[in-house]
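Here's the structure, in structure tokens; my notes come after.
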Amino acid sequence: LPDRSITNFNVLSRKFVTQFTTNKVSPPTIADLLDVHQGSDETLKEYLTRFNQEAAKIPDIDEKARCSIKERLKVGTIW
């Protein structure tokens, strides 16, 4: 900040918020969950655990989104 650019608390508040609001971490979304795929060396149990951990982080997730798990299994996975 340039010298004497902060003239009052309101100016300081606005500059602070402007600087640091971009650093805010957004909660995960369903789109993030769709990126969770079963790894080539990952067992079904390991994958389900990881998928459920990620799904639990998403606020108000619906059953349809949870069902997307089937599409992310590796080929040849035995149910």
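The values are calculated or read from the model by the stated rules, or taken from the named source; none is laboratory data. Remember, predicted model here, so these are calculated numbers, not experimental data. Cβ: placed from backbone, ideal geometry, glycine included. Neighbour counts: every protein chain shown.
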Of the criteria (1) in contact (Cβ under 8 Å) with a residue 24 or more places away in the chain; (2) in a loop (DSSP other than H, G, I, E, B); (3) exposed (fewer than 15 other Cβ atoms within 10 Å of the Cβ), which one Ser68 fails: (2)
Failed criterion for Asp3 (all others in (1) in contact (Cβ under 8 Å) with a residue 12 or more places away in the chain; (2) out of contact with any Pro (no Cβ under 8 Å at 6 or more places or on another chain); (3) not in a helix (DSSP H, G or I) hold): (1)
Leading residue by the ranking (nearest to Ile58 (Cα to Cα)) among those in region 1-26 that are hydrophobic (A, V, I, L, M, F, W, C) and exposed (fewer than 10 other Cβ atoms within 10 Å of the Cβ): Val25
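Determine if region 48-70 includes at least one residue that is under 30 Å from Pro2 (Cα atoms) and not polar (S, T, N, Q). Step through it out loud before you land on a result.
Step one: of region 48-70, the residues under 30 Å from Pro2 (Cα atoms) are none.
Within region 48-70 (the criterion being under 30 Å from Pro2 (Cα atoms) and not polar (S, T, N, Q)), the answer is no, since none of the residues qualifies.
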Residues within region 27-52 that are out of contact with any helix residue (DSSP H, G or I) (no Cβ under 7 Å at 6 or more places or on another chain), of a type in the set (Val, Ile, Thr) and either assigned to a helix (DSSP H, G or I) or surrounded by 12 or more Cβ atoms within 10 Å (Cβ to Cβ) (or both), tallied: 2
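Return yes when Val75 is among the β-branched types (Val, Ile, Thr) and at pLDDT 85 or above and no when it is not.
Working: among the β-branched types (Val, Ile, Thr): yes; at pLDDT 85 or above: no.
So Val75 does not fit the description; no.
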